[in-house]
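To keep things clear, I will list the structure first and then write my remarks on it.
Just so you know, all these numbers are worked out from the coordinates, no wet-lab data involved. Everything quoted here is computed from the prediction, not taken from an experiment. Note that we place each Cβ from the backbone using ideal geometry, even for glycine, and neighbour counts take in every protein chain shown.
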């Protein structure tokens, strides 16, 4: 299983969510976060004073998929729709997940991520 953390511009949230839904990736956690990267924020005039804003609002997507094949599909979709070509487009981080547990049923691994029908469809897609 693979976990993807994607940090993108706030105005790209719906585009990313729609792109993931098109791939049938529906399980995700979305958080509003603050951060800075290479640009280290920006300068803004507030009430006749100059203020350095070092943290910029972003949106973080946390997604877990069953295989690297699905991770690549998600990464490509996120990269395509979130890219503006400007500083601050964001980052994508990829991790291996050892296990997952669905609390309600105790199911583990892939079975904790998807229902049985989704697993059958995924197996068909991989053939």
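Hey, any idea what Rg/Rh is for the range 2-94, computing Rh the Kirkwood way over Cα pairs?
Answer for the range 2-94: 1.06.
D for the range 48-115, whole µm²/s, Stokes-Einstein with Kirkwood Rh over alpha-carbon pairs at 4 °C and 1.567 mPa s: what number?
Calculated translational D: 86 µm²/s.
Going 7 Å from the Cα of residue 26 along its beta-carbon direction, which residues of the range 86-115 have the amide nitrogen within less than 13 Å of the resulting point?
The answer is 114-115, whose backbone nitrogens lie closer than 13 Å to the label point.
Between residue 14 and residue 45, what length comes free when the chain is fully extended (0.36 nm per residue of separation minus the Cα-Cα distance, one decimal in nm)?
The span from residue 14 to residue 45 would gain 8.2 nm if fully extended.
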